[in-house]
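Structure first, commentary second.
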Amino acid sequence: MDPLISARGLTKRFGDLVAVDGIDFDVAKGEAFGFLGPNGAGKTSTMRMIGSTSPVTAGTLRVLGLDPAVDGPRIRARVGVVPQLDTLDMELSVRENLVIYGRYFDLTYAEAGRRADELLAFVQLTERARDQVEPLSGGMKRRLTIARALISEPDLLLLDEPTTGLDPQARHLLWDRLYRLKQRGVTLVLTTHYMDEAEQLCDRLVVMDKARIVAQGSPRELIERYSTREVVELRFPPDAAESMDGRLNGLADRVEVLPDRVLLYTANGDAASAALHESGIRPESTLVRRSTLEDVFLRLTGRSLIE
Amino acid sequence: MIASLPFGRRASRLIERNLLVYRRGWIIIFSGFFEPFFYLLGIGFGIGSLVGNVSLGAGHSVPYAVFVAPALMAGTAMNGALYDSTFNLFFKLRYAKTYDAVLATPLGVADVALGEVTWALMRGSLYSLGFLVVMAALGLVISPWALLALPAATLIGFSSAAVGTVATTFMRKWQDFDLVIVVTLPLLLFSATFFPISVYPAPLQAFVQLTPLYHGVDLIRGLTTGNLGPGLLVDVGYLVLLGAFGLAITSRRLQHLLLK
């Protein structure tokens with residue numbers, strides 16, 4: 001089957017700035033696909049090109065088999081967009097936001113109204129239908145934005161940092177709704193700089209850094225390929241960590257010294273921390289955990305994701 | 001590239017959106033009716049009582065209020081169209097990001113440009129209609145050609161809205177809008193609005209004839225006083241071209257600002 005999105009050598013330049021530097025990727029139908037990377041890695045520029053609201057500078061891009069340069073309106077008719085910053089219509093009520101957005105997609109008022117009520121229930125905003133948008137909480141606004149993106153029953157949903165700035169409870173509610181959409185067969189493409197989000201939602205993802213793709217695969221594959229099964233996190237008193245470096249080397253496959261902590265990459269965390277203890281090293285705290293995408297990112301770029 | 005869609009096919013969606021917004025705020029729209037009416041009373045009749053008759057040329061002379069009223073109607077069409085194509089458009093463009101959301105749908109910049117310009121000219125036309133009714137009721141309409149004054153006011157609204165929209169796309173902050181007043185106030189005062197163009201020395205007359213509101217005033221005054229001539233066709237041509245030019249530039253500007 002043809003991929004829903006296909007990019008080859010996709011490039012975006014703003015004057016001298018190269019925002020996206022010749023990336024290749026494919027997104028299959030029904031998949032949840034993620035772009036993971038720090039701010040400025042080129043994620044949003046890529047999303048906007050896919051959504052046909054930003055022209056491609058070079059390379060080829062096909063969305064739903066169509067070329068955005070020629071068929072922008074036809075692509076946009078089948079794509080739902082959740083932008084990074086909410087662009088809800090502050091001059092309209094919650095429900096009107098959905099209805100008029102439906103009109104932009106040529107729905108009749110009756111159909112737009114029917115879908116608006118359904119979607120308000122889906123994102124748990126039915127009680128707020130007649131309210132103004134401004135007083136809604138951040139999480140509610142995000143949910144309304146997602147509902148708005150779904151009014152056209154899109155084949156593809158683009159979410160640019162869907163949970164940035166939300167509290168944990170609001171994030172979990174949002175993830176739950178996105179998971180349900182995925183189960184209904186909606187293809188999700190999202191950007192995030194949250195590792196847990198990528199692990200929760202994405203079947204497959206690409207790690208972006210400095211306008212390029214540095215790795216791709218499923219979260220599991222990436223962890224297996226670029227990290228160890230477990231990680232021991234050590235905290236030392238200020239300035240003590242650097243002097244530990246040499247003494248820690250033999251205890252793990254790889255040692256990563258960060259400003260606030262030291263990470264030991266190892267297949268067996270408990271064994272490593274026992275060995276640590278035996279060698280007389282006494283960190284302020286020791287934590288054994290499973291490897292995450294955060295570790296993958298650190299390995300690939302030498303930097304933490306959120307600095 | 002500008003209009004991937006048939007030009008403006010979905011522009012009416014923006015008008016629907018604005019109707020929905022103003023359904024709650026109709027009182028704001030209503031307030032715009034009064035300003036020209038007050039001018040008419042104060043200047044048309046008040047000062048008019050000191051002035052007496054004004055010559056329209058060719059031995060044709062009319063009471064001052066009959067002379068001033070069509071000019072106020074033209075100014076109303078312009079001002080009415082500028083409300084939504086300046087401040088309100090700026091808010092939607094720069095702060096509310098309304099069009100970023102719109103352009104993620106099948107709508108394009110041409111739809112936005114045409115939709116917003118049309119909405120703005122509708123508002124200008126609405127005020128003009130109200131004013132024309134008042135003029136008729138006060139006996140200031142002396143020719144049946146005045147029926148065409150309404151479409152003429154729509155045309156003034158069109159060119160004003162288009163130019164206002166273009167100007168707004170270049171604005172960077174609210175203070176920049178002081179420029180709108182710096183431009184519109186002299187237009188309202190000096191476009192042969194309150195006195196005939198014959199008052200000016202010849203070189204200045206030529207200059208005034210290059211400015212847009214002069215043609216709007218000339219057109220509506222010709223129709224409500226029945227003082228017809230080929231010059232009115234020049235007025236129409238000028239306003240159509242100005243509006244079409246503004247609309248085309250607006251699409252380009254929106255493309256530049258929003259679809260980077």
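The values are calculated or read from the model by the stated rules, or taken from the named source; none is laboratory data. Everything numeric in this text was worked out from a predicted model, so none of it was measured. FYI the Cβ positions are ideal-geometry reconstructions off the backbone, even for glycines, and counts take in every protein chain you see. Side chains are part of the model used for accessible areas, which takes the heavy atoms of the whole protein and leaves out ligands, DNA and RNA. Shrake-Rupley method; radii C 1.70, N 1.55, O 1.52, S 1.80 Å.
A few notes on this one:
- With respect to the conditions (1) in contact with a helix residue (DSSP H, G or I) (Cβ under 8 Å, 6 or more places away or on another chain); (2) open to solvent by 10 Å² or more (accessible area, probe 1.4 Å), residue B:102 falls short on a single one, namely (2).
- Hits in segment B:28-70 (condition: among the small types (Gly, Ala, Ser) and closer than 15 Å to residue B:124 by Cβ): B:31, B:32
- The one condition in (1) open to solvent by 10 Å² or more (accessible area, probe 1.4 Å); (2) in a strand (DSSP E or B); (3) at the interface with chain B (Cβ under 10 Å from one of its Cβ atoms) that residue A:59 fails to fulfil: (3)
- Filter pass, residue B:184 being among the polar types (S, T, N, Q), over 30 Å from residue A:46 (Cβ atoms) and part of a helix (DSSP H, G or I): yes
- Helices (runs of 4 or more DSSP H) within segment A:76-182 that include 1 or more residues small (Gly, Ala, Ser) and without any contact (Cβ under 8 Å) to a residue 12 or more places away in the chain: A:109-122
- Strands (runs of 3 or more DSSP E) fully within segment A:245-307 counting 3 or more residues that are open to solvent by less than 40 Å² (accessible area, probe 1.4 Å) and under 23 Å from residue A:219 (Cα atoms): A:262-266
- Answer residue from segment B:236-260, given it is charged (D, E, K, R) and part of a helix (DSSP H, G or I) and is surrounded by the fewest Cβ atoms within 10 Å (Cβ to Cβ) among those: B:252
- Residue satisfying condition, being under 30 Å from residue A:98 (Cα atoms), in contact with a helix residue (DSSP H, G or I) (Cβ under 9 Å, 6 or more places away or on another chain) and within 11 Å of chain B (Cβ to nearest Cβ), within set A:70, A:81: A:81
- Among (1) touching a residue at least 40 places away in the same chain (Cβ under 8 Å); (2) in a helix (DSSP H, G or I), the one test that residue B:38 misses: (1)
- Residue A:44 fulfils the conditions (1) open to solvent by less than 20 Å² (accessible area, probe 1.4 Å); (2) of a type outside the set (A, V, I, L, M, F, W, C); (3) outside any loop (DSSP other than H, G, I, E, B); (4) within 14 Å of another protein chain (Cβ to nearest Cβ) except for a single criterion, (1).
- Any hit, segment A:47-54, residues being at the interface with chain B (Cβ under 8 Å from one of its Cβ atoms), among the β-branched types (Val, Ile, Thr) and surrounded by 19 or more Cβ atoms within 10 Å (Cβ to Cβ): yes
- Criterion applied to A:234, A:205 was being open to solvent by less than 20 Å² (accessible area, probe 1.4 Å), assigned to a strand (DSSP E or B) and under 13 Å from residue A:37 (Cα atoms), and the one residue passing it is A:205.
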